[in-house]
Amino acid sequence: MNADLIISILSIALVAGTSLVFATIGEIITERSGILNLGVEGIMIMGAVIGFAAAFHSESAWIGVVVAMLVGGLLGFVHAFLTITLRAEQVVTGLALTIMGTGLASFLGQELGPEGGALVGLTGPRFTEISIPILSEIPIIGPIVFNQDILVYLMYVVVIAATYFLYHTRSGLHLRAIGESPQTADAMGVDVFRLRYLYTIVGGMLIGLGGAHLSLAYTPGWSENLTGGRGWIVIALVIFASWNPWRAVVGALLFGGVNAIQFRMQASSTDIAIPATLLNMMPYLLTVVIAVLTTWMQRFNKLIGAPAALGLPYNREERH
Amino acid sequence: MPDTSAPIAVEMRGITKRFPGVLANHKVDFAVRVGEIHALLGENGAGKSTLMSVLCGLYQQDEGKILLAQKRELSPVQIHSPSDAFDLGIGMIHQHFKLIPTQTVAENMILGLKDTPFNLQMTAIENRIRDLADRYRLEVDPRAYIWQLSVGERQRVEILKVLYRGANILILDEPTAVLTPQEADELGAVMRNMASEGKALIFISHKLDEIMAFADRVTVLRSGENVATVEVSNSSKTELAQLMVGRPVLFTIEKPPSQLGDVVVAMEKVSALNDKGLPALDNVSLEIRSGEIVGIAGVAGNGQRELAEVVTGLRPTTTGRITIRNRDMTHQPPYQFIQQGVAHVPGDRLGMGLAGNLPVSDNMIMKSYNREPISSGIFLRNQMIRTFAQNLVKAFQVLTPNLETPARNLSGGNQQKAILAREITAGKNLTKGDEPPFLVTVYPTRGLDVGAIETVRRELLEQRAQGVAILLISEQLDELLALSDRIAVLHGGEIMGIVDAAEADIEHLGLMMAGELHI
């Protein structure tokens with residue numbers, strides 16, 4: 001293996017992992033507030049299809065991004081309304097959101113094209129690589145980190161901002177508190193209901209953005225089942241990351257890397273005869289391995305773990 | 001002594017609060033003066049916590065108003081949320097601590113505070129906490145995580161948290177429930193100190209001794225109504241108890257001398273782990289004889305639960321030996337313990353003791369379902385179940401609308417009577433006449449009203465008279481002293497000493513509970 005090959009694989013790993021990072025951080029923010037949103041897959045694919053359609057018709061990739069985030073936020077709001085106001089079972093609501101999202105996305109893919117036709121096979125505006133002067137000249141790191149599309153750069157900002165927000169700001173403290181013990185936070189004057197709504201919507205917006213990165217940058221265009229189960233990988237990544245944005249990046253890059261290697265191996269399948277379907281399985285196999293390893297590791301560290309009130313509805317006047 | 005003409009700090013007038021099916025507070029009047037420690041006395045369910053939850057904004061009153069001293073004048077205030085209460089200088093120290101275990105002391109302090117800068121300056125906050133801690137002598141490390149702290153330290157954090165917010169009116173909800181007698185005395189001194197700095201303290205309790213020791217005035221609530229507000233110095237324990245219960249109360253329960261028989265249960269150097277896999281019991285050796293009540297004293301979380309689970313076969317032992325009537329039971333499953341006549345009244349009534357959604361009748365047969373006459377082969381006999389359950393309900397005076405009522409709908413006292421009925425009966429049925437059963441009771445009177453407490457205690461003494469060996473785990477020293485023949489003190493999973501209850505000294509027990517005395 002030469003340096004160019006490594007650079008190429010890592011570069012693809014980064015761009016392949018970007019949508020996972022957005023969605024994982026979105027889900028981390030939502031889960032930190034105590035709301036489990038299993039609708040990630042549905043929200044991502046809705047963001048991907050509507051984001052692409054909006055970009056195609058407006059001829060602006062940026063409008064596509066904004067619309068995808070609005071759709072994600074709207075679906076986050078639906079989840080919030082059902083689970084926070086109506087106190088519905090969160091797992092069931094999330095699954096319903098995923099089933100609805102994938103079905104609706106498939107339908108919209110047939111309808112949102114020009115003159116009510118299909119979106120499949122169309123080429124629309126997309127985000128292309130932008131080399132950052134000077135920084136991209138740094139050997140090895142430059143071409144990997146600083147020769148990417150603008151959403152990758154936005155991802156760097158989101159990771160740093162999310163980490164700082166969570167651990168170094170007053171609002172971040174409140175976010176961590178409402179997911180650990182809503183009773184405590186409420187008694188201390190934190191508005192649990194409002195904040196849970198807010199972070200479920202913000203989380204949905206980031207998940208929608210993750211979907212948009214797929215259809216507007218990584219694999220531009222729309223095709224059936226574009227997300228291919230990435231939403232479920234995100235759920236596993238949140239656990240792997242122990243609800244910490246930085247570790248989400250590590251996990252997302254790992255998955256991106258497996259994707260990149262898989263593409264490479266398929267492209268050069270002349271010398272190693274591995275069926276493409278087996279290679280396609282690799283990210284999901286990795287998810288299983290990681291889920292086992294993380295659970296095993298978490299047994300030895302009591303600080304790493306899910307927010308204590310994750311998945312539990314909160315009702316102030318409920319008598320204990 | 002505080003100034004009896006001191007101005008009113010806060011006044012509640014005609015407060016009424018209803019919950020579905022319950023009138024928790026009915027037209028309660030209540031006022032606290034500046035610099036005063038004012039106790040709020042009442043039985044469980046008398047409405048003390050509800051009244052204070054209204055004052056600190058957790059609940060909204062249905063009727064009545066709250067007046068607060070503002071600029072030397074009493075004026076009505078609206079408290080819609082805990083943060084409104086904080087803004088008005090009212091802070092509550094809850095019985096179940098409102099602390100987030102995975103965050104530090106300092107982070108817990110500033111939670112919900114609006115005037116904290118958006119970018120957290122933790123060093124400045126930590127210094128402010130240290131200053132405050134010095135002033136009120138409430139030592140605590142601002143950087144420690146809550147899960148690392150002892151219960152006493154957590155309580156200090158709670159008090160500091162309220163002071164940090166500049167509260168002038170502090171509400172303490174049963175603050176001594178989780179403390180050793182020495183820690184409780186320290187808390188008394190801290191409260192006096194705060195009162196002398198001009199704070200008004202409201203102190204919720206149902207323990208008469210500590211009210212006599214700490215409070216200036218006391219308001220007694222009964223069935224949601226204010227029955228009296230009296231000066232502590234002009235009152236007595238007997239008078240307060242009568243006000244609280246509504247009838248004269250006997251503080252002593254007659255305990256006939258014990259008729260000791262053979263050793264029923266023997267533990268030899270038993271060790272066990274807790275749920276987290278950490279050591280919970282350390283070389284515990286204990287013998288319980290027929291006709292004997294052995295009490296276990298200790299601050300909650302020092303191995304009591306694990307001890308109860310080990311002697312009922314629910315928790316595996318790591319080392320040591322358990323025998324029941326000389327039969328080795330080590331590593332036997334719970335079923336074998338039950339077959340030996342081991343009965344268990346667990347501390348968690350609805351979690352472990354009863355299946356809340358199942359009818360009373362099903363709960364009654366849970367230890368007899370697989371025996372004649374309740375079942376025949378694989379079939380249950382419904383008529384027999386009804387008769388069996390009906391007999392138990394009658395014999396133990398369980399108040400239930402009918403046998404089909406879900407167990408969770410019974411009151412706490414009746415749930416406890418139902419469990420006692422099932423366990424005592426099963427213990428007797430499974431042993432032969434000359435083999436005394438073994439009864440393990442964990443916090444048997446927790447959360448019960450005075451009437452039910454008396455019934456449960458009498459029942460335990462009745463079983464003792466019939467030769468049952470009883471292990472009584474309790475957090476109330478007076479209960480242990482009244483019922484036990486011997487008292488063993490658990491601290492950190494170790495038995496610090498076993499003393500004769502008749503000669504036990506509260507000071508010594510307290511020191512052993514704190515781990516400072518080993519005999």
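Values quoted throughout were computed directly from the atomic coordinates according to the rules given, and no laboratory measurement underlies them. Here the structure is a predicted model, which means the values were calculated and not measured. We place every Cβ from the backbone using ideal geometry, glycine too, and count neighbours over all the protein chains shown.
Quick look at the numbers
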item: Two-decimal Rg/Rh across chain A, once Rg and the Kirkwood Rh are taken from alpha-carbon atoms; result: 0.99
item: Where only C-alpha atoms are counted, convex hull volume of the protein assembly as shown per residue in Å³; result: 225
item: Nearest-20 debye value, chain B charge dipole, Cβ charges on Lys, Arg, Asp, Glu; result: 1480
item: Antiparallel bridge percentage (DSSP; both residues within the protein assembly as shown; nearest 5); result: 60
item: For chain B, the Rg and Dmax computed from alpha carbons only, in angstrom; result: 25.0, 79
item: Exposure proxy order (Cβ contacts within 10 Å, fewest to most) of B:F97, B:F379, B:F203; result: B:F379, B:F97, B:F203
item: Highest-fluctuation residue, A:G121, A:G203, A:G76 considered, GNM on chain A with Cα pairs under 10 Å; result: A:G121
item: GNM result for chain A, Cα springs below 10 Å: residue of A:N280, A:N147, A:N244 fluctuating most strongly; result: A:N280
item: Electrostatic dipole magnitude of chain A [Cβ: Lys, Arg +1; Asp, Glu -1; Cα centre; debye, to 20]; result: 880
item: Added length on full extension, which subtracts the Cα-Cα distance from 0.36 nm per residue, B:D29 to B:S258; result: 77.6 nm
item: Net dipole in debye of region A:1-158 [+1 Lys, Arg Cβ; -1 Asp, Glu Cβ; about Cα centre; nearest 20]; result: 320
item: Share of pairwise Cα separations in region B:372-519, more than 28 Å, in percent; result: 33
item: Per-bin percent of Cα-Cα distances, region A:18-97 [10 Å]; result: 20, 48, 25, 8, 0
item: Taking only Cα atoms of region B:263-513, radius of gyration then Dmax in Å; result: 17.8, 57
item: Principal semi-axes in Å for region B:253-393 [√(5λ), Cα gyration tensor, largest first]; result: 30, 19, 17
item: Highest-fluctuation residue, A:V192, A:V249, A:V292 considered, GNM on chain A with Cα pairs under 10 Å; result: A:V292
item: For region B:323-424, with +1 on Lys and Arg beta carbons and -1 on Asp and Glu, the positive-most of B:A395, B:Q416, B:I374 along the dipole; result: B:A395
item: Listed pairs B:K48/B:K367; B:K48/B:K161; B:K48/B:K199; B:K276/B:K367; B:K65/B:K114 exceeding 32 Å between Cα atoms; result: B:K48/B:K367
item: Expected-Rg normalisation [2.2 N^0.38 Å, Cα atoms] applied to region B:125-188; result: 1.09
item: FRET efficiency, 1/(1 + (r/R0)^6) with R0 45 Å, evaluated for A:E59 and B:A300 via beta carbons; result: 0.10
item: Estimated inter-spin distance, B:Q390 and A:L104, nm [label 7 Å along Cα→Cβ]; result: 5.8
item: Using distinct alpha-carbon pairs, which all enter the 1/r mean, Kirkwood radius of region B:1-91 in Å; result: 13.7
item: Shielding by partners - mean other protein chain Cβ count within 10 Å, residues of B:502-511; result: 0
item: Peptide-level mean, for A:170-182, of C-beta atoms on other protein chains within 10 Å; result: 4
